[in-house]
Amino acid sequence: MSATGVSAAELVFRVESAEGEPLADAAVVAEPLAAGRPAPRAREAGVVDQIDKTFVPHVAVIRSGTAVKFPNRDDIRHHVYSFSPAKTFELPLYKGTPAEPVVFDQPGVVVLGCNIHDFMQGYIYVTDAPYYAVTGADGGARLSGVPAGRYRLHAWHPSQGADAAPAWREVELDDTAERVERFVVEAAGGGLRLRRAPRPGAAGYR
Amino acid sequence: MRFRSFQARLLSFFVGLLVVVQAGGFLITNAANSDYARRQVIDSLRVTAGIFERLLADRNASMLEAGRLLSGDFAFKTAYATREPGTILSMLQNHRSRIGADVMLLLGLDDRVLADTLHPGRSGVAFDQPGLIDLAYADARGEAAALVLVDGVPYQMAVLPLLIPHHDGWILIGFRVDDGFARALQGLAASEVSVLGPGAGGPRLLASSLETERRRELAAAATVLPEEASAPRVMALGGEEYLSLSVPLPGIAGQGLSALLQRSLDRALAPFRRLQWVLLGLFLLGVLLSLVGGAAIAGTVSRPVWQLARGAARVAEGDYSQRVELHQRDEVGELARSFNHMVAGLAERDRVRNLLGKVVSPAIAEELLSKEIELGGEERQATVLFADIRNFTTLSETRAPREILDLLNTLLTRFSDVIEAHGGVIDKYIGDAVMALFGAPLAHEDDPARAVAAALALSGAVDELNAAGVLGPQPVGVGMGINTGLVVAGNMGSRQRLNYTVLGDGVNLASRLEGLTRVYGVRVVVSDATRRAAPGFAYRELDWVRVKGRGQPERVFEPVAPLEALSPRRRTDLETHARALAAYRGRDWGTAEALLADLPDDVVRRLYLERIAAFRAESPPADWDGSVRFDHK
């Protein structure tokens, strides 16, 4: 039961690759179809850390309008940028946390990069949907207290590419204890993915 | 000519050998050199191909390097993010000129052209070489490079992903593969480089380091684009022979570009050609020297040999004065020396022979020379003639010795001529007497007749000489005795000094008979044996004698004349004489006298008349057989 007392559902997402492998770092959203959007959840501040030359989390899902901080936990500077249409910004070489967080007010995929570290790549999935999560290592994500009603669901994984058009799935949610929705993600053909940070001591990219 | 052909044989052998060896060597080295040059050229073409591929690979690598830098360039990404075609294009132009590329493009992930420095107006169209992008997708790093044709011009194009930081597009960088590139490669590898690509109606020449004329020829000659690296072929360009190696160039499937690497075979062979000329020169020089040297050396053999042959021919004709003077110290010189010695020996022998012939008669000389000199003789029938010159001693008192010898020699020469003319042989001269042989050492059928004829001839000769007044105021006489019988003929004396002569009773008798000529006042007295053996003459029986040392009485005769030359008068006289002799022997003195009276007066007639007168006074003993004894010689 949600705090408001409206009947709520547990929505469990299971995201898998085409080969059946559980996919972590998949953004999952549930957007109500009923007219009149419910009150948005309290705006949270988003945080994307840079730890050990890696964006943590790799994929962050935020509500549009969220301001995201980008603390640099490393003792080297980073130059965070994105040229994604949803948000083009850059945080020139900095240490610590920039004073101003970055507000992401457009839905879409924002690809983060570091100008001086080619391999640093992260994603911020900005959504208008009130209910969203990111899958864990088991490829699963749980949305609790989702009011019953009609929703469209969507899962996005970086392997689909930043421009992937969302494939919404419409569902009717009721008060069942747990509703599992399986999504199979087809990796975008031809899209190149770069590996993450090389291991310390490794000679180069490969 | 014999020797010409020896010289020719020698020369033709050696020159021929030289020609064969040289020609063989020439051909072999020629073939080996050509082969070597070819292989060298092919090797260097292969190296050139390697360099070419390497150059392309290096350029690809540097393009990708530059591209990577570009892709990571923040300003580039920022400009790109504006999505403004104009901005993007100008930025691309900027970067293109920074890195000196000939073309740069930017493509979206949908393979659409965002900016193209070659075609500035073109934007939003599909990229016309999607194969290149496919290659990039196949690569782990998303990079690729290939040769592509853009507006028919070959470009070395590199493609790499634009990362912002995610893959959002493609950066393409291209360099033209043009004449400059070909010439740069030519400068490196010293091979002619040409790039052929597909064209309507056959391969098109896209780039080349060749100059205009040869380019045209090549463009005309290229008929097919090889799919794979092929074996080197020979092509003629501008009159020179080129070895050509085709190397297919990495491109997109179906683009079919290939590089043609060429090297002038003629130029590679040039040093060998020079060598060939040198070899040819040496060869000709060798032939010349062989000819000259061979002729000279052959000459040192053939000329002397020719001289020797001519000399030998003259020697064969009897000219023993021939000498062949050669001043060589070799075998031929040795031969000439031997030849000269031989000729000298022949001359010597000839002289000795002549001398021998003079000392003894030629016939005896021949006999002596023909057999081994042995002492000893053989028994044979022979006719011996002794001729004694009368009144010669008287002659000698009135004349000088030299004159006497000359006269004697004249006479003896004449005698000798006559005797030899009749086939007789002078055995020896004994002072002013001559002993001659008929039937030894050489026998004829009619030796006795020859002897008698010779005697008559000798008598005539003496008359002639007397008549000519050659022999002095006083006429010279001659007495001859001839006997035919068994003698021993042979070499008498010692081994070092011998005489060919005859011995025996028969010889002695002849000598006695000669002595008898004085008695009967005749010139010639022959024995009965001789008379019987020479029946062609008319004889007058002189007497029946017993000579000292012989048991049997001998009838002795005087040859009067050849039968056919006998005058009737003489014949009658001979008959009368014979009857007279018969009467005498029959003791019929009267008849004998009467008959003798009819005969011309001569010593014989007077002798018999004396005898008859003596016998009339005192009768001969009862056992008187008509013979008369001579006890002295």
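Summary of computed values
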| read-out | value |
| --- | --- |
| Extended-chain gain in nm, criterion 0.36 nm per residue less alpha-carbon gap, B:V292 and B:S619 | 106.8 nm |
| Theoretical FRET efficiency, 1/(1+(r/R0)^6), r = Cβ-Cβ of A:A34 and B:Q93, R0 45 Å, to 0.05 | 0.25 |
| Label-to-label distance, nm, for residues given as B:A23 and A:F119 (7 Å Cα→Cβ offset) | 7.9 nm |
| Per-residue average of Cβ from other chains inside 10 Å of B:76-88 | 2 |
| Structure-based [θ]222 nm, chain B - -39500 (n - 2.57) summed over DSSP H runs of at least 4, per residue, nearest 500 | -18000 deg cm²/dmol |
| Student exercise, the stretch B:118-272 dipole from Lys, Arg, Asp, Glu Cβ charges, in Debye to nearest 20 | 180 debye |
| Fewest-first ranking of B:Y320, B:Y608, using other Cβ atoms within 10 Å as the exposure measure | B:Y320, B:Y608 |
| Distance histogram in 10 Å bins (all Cα pairs of the stretch B:182-226, percent per bin) | 29, 52, 18, 1 |
| Helix B:401-421 axis, angle to chain B major axis (alpha carbon atoms, nearest 10°) | 80 degrees |
| Ranked list, fewest to most other Cβ atoms within 10 Å of each Cβ, for B:M492, B:M235 | B:M492, B:M235 |
| Rg and Dmax of chain B, Cα atoms only, in Å | 67.0, 206 |
| Modelled FRET efficiency - R0 45 Å, A:D74 with A:A167, Cβ distances, 0.05 increments | 0.75 |
| Cα-based Kirkwood hydrodynamic radius, the protein assembly as shown, one decimal, Å | 42.9 Å |
| Packing-based order for A:160-171, A:48-59, using average beta carbon neighbours within 10 Å, highest first | A:48-59, A:160-171 |
| Label-zone membership for the stretch B:291-324, site B:L369, 7 angstrom Cα→C-beta point, backbone N under 13 Å | B:318 |
| Sorted by Cβ neighbour density within 10 Å, fewest at the top, the residues B:W306, B:W170 | B:W306, B:W170 |
| Averaged over B:129-137, number of beta-carbon atoms from partner chains that fall within 10 Å | 1 |
| Packing-based ranking, highest mean first, of B:564-573, A:11-20, B:256-265 given that Cβ atoms within 10 Å are counted | B:256-265, A:11-20, B:564-573 |
| Dipole in debye (nearest 20) - the stretch B:436-591, about Cα centre, beta carbon charges: Lys, Arg +1; Asp, Glu -1 | 460 debye |
| Leading residue at positive end of dipole, chain B (Cβ point charges), from B:S123, B:P401, B:L369 | B:P401 |
| Using distinct alpha-carbon pairs, which all enter the 1/r mean, Kirkwood radius of the stretch B:392-502 in Å | 15.3 Å |
| Charge context of A:G20, other residues only, Cβ under 14 angstrom, K/R +1, D/E -1 | -3 |
| Test item: Cα-centred dipole of the protein assembly as shown, Lys/Arg +1 and Asp/Glu -1 on Cβ, debye | 1620 debye |
| Calculated FRET value between B:Q40 and B:T212, using beta carbons and R₀ = 25 Å, to 0.05 | 0.35 |
| Rounded to 10°, Cα long-axis angle of helix B:212-221 versus longest principal axis of chain B | 90 degrees |
| Neighbourhood charge, 13 Å Cβ-Cβ cut-off, centred on B:R122 and excluding it, Lys, Arg +1 and Asp, Glu -1 | -2 |
| Using alpha-carbon coordinates, inclination of helix B:331-359 to the longest axis of chain B, degrees | 10 degrees |
| Hull shadow area, averaged, the stretch B:132-189 [alpha-carbon convex hull, nm²] | 5.2 nm² |
| Inter-chain Cβ neighbour average for residues B:157-167, partner chain, 10 Å | 5 |
| Summed residue charge, Cβ within 12 Å of A:G96's Cβ, Lys/Arg positive, Asp/Glu negative | +1 |
| Segment B:A190-B:V47, extension gain: residue separation times 0.36 nm, minus the distance between their alpha carbons | 50.4 nm |
| Label-to-label distance, nm, for residues given as B:L280 and B:D266 (7 Å Cα→Cβ offset) | 1.6 nm |
| Cross-link partners of B:K77 among lysines (Cα-Cα below 20 Å; sequence separation of 8 or more within a chain) | A:K87 |
| Net length gained if the chain between B:R606 and B:L442 were fully extended (0.36 nm per residue, minus Cα distance) | 54.9 nm |
| B:R273 versus B:R337: modelled label distance in nm, points set 7 Å from Cα along the beta carbon direction | 5.9 nm |
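Each reported figure results from applying straightforward, stated rules to the coordinates on display, with no laboratory input. Worth saying up front: this structure is predicted, and the values here are computed from it rather than measured. Because the Cβ atoms are built from the backbone with ideal geometry, glycine has one as well, and the counts that use them run over all protein chains shown.
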